[in-house]
């Protein structure tokens, strides 16, 4: 991967949890990451690494003043989309019917971030790179390979994301993937979108990260031994073999052995 991510491309993911150390132990054991609680000036934010390169962030859920939230927010993985002009992007967000949850805010010299909610109810982050581009390793065992939006209104979501970032949408041409939509940047698939109707009732709109693994079944078994729940047991699908898991604190993610790995960067 060379240089910053193109605007509209998923570039980073992070997880907010009640017990940061427990999350670090779980994911480092599962994927071979290295990570520790960060310094006070970063609020303890952990930048986990794989082969010496940043792969994902983990942070303790807390209020801006450092106190424990009540109620505790849900444990979720957040996908961040790259932008080269976050203020202009946020104006486009509100113009297109989305809302700004947080930001924009400077993260030292690393970059600028914001959290938004799209008109269908899914939350996603925005990242304008400074000295930190985002994930430094993708498409390898234990690293991010794909990001997917599940929403109850795919047409509205497609219109929104195309209005706020230089992305286009197109029906997947992969055999057996009828009804699946791809997000594209410069004509290249960088993420996907599916209808919530395919998921159990009550699942809210959300972005889901996929991690590439060499053996889905063994990773699923290891996750269960470590206290994870299986949301969708390992199964074969057009892009490969995958499973959807929930970590011991409730953070949901997918693992996949891709038959033809897409590159999100």
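Using only C-alpha positions, report the orientation-averaged shadow area of the convex hull of the range 56-195, nm², one decimal.
The Cα convex hull of the range 56-195, projected and averaged over all directions, gives 9.8 nm².
Quick one: P(r) of the range 156-233 from all Cα-Cα pairs, 10 Å bins, percents rounded to integers, in order of increasing distance.
It works out to 14, 37, 33, 15, 1, in whole percents.
Could you work out how far the C-alpha centroid of the range 140-210 sits from that of the range 65-131, in angstrom?
Going from one Cα centre to the other spans 19 Å.
Which of the peptides 192-203, 247-258, 7-18, 152-163 is most tightly packed, and how do the rest follow, judged by the mean count of other Cβ atoms within 10 Å per residue?
Ranked from most to least packed, the peptides come out as 7-18, 247-258, 152-163, 192-203.
What three numbers, in Å, describe the spread of the alpha carbons of the range 10-129 along their principal axes, ordered from the longest?
That works out to 43, 35, 27 Å along the principal axes.
Provide Rg and Dmax in Å for the range 123-265, with only Cα atoms included in the calculation.
Cα radius of gyration and Dmax of the range 123-265 are 15.3, 44 Å respectively.
Relative contact order for the range 10-129: what is it in percent, counting Cα pairs under 8 Å that are at least 6 residues apart?
Computed over the range 10-129, the figure is 23 percent.
In percent, how large is the relative contact order of the chain, given Cα pairs closer than 8 Å and 6 or more residues apart?
20
Evaluate the chain: find the radius of gyration of its Cα atoms, find its Kirkwood radius, and give the ratio Rg to Rh.
Reported Rg/Rh (Cα atoms, Kirkwood Rh): 0.93.
No value in this document is a laboratory result; all are computed from the given coordinates. Here the structure is a predicted model, which is why all the values come from computation and not from measurement. Please note: Cβ atoms are built from the backbone with ideal geometry, for glycine as well, and neighbour counts cover all protein chains shown.
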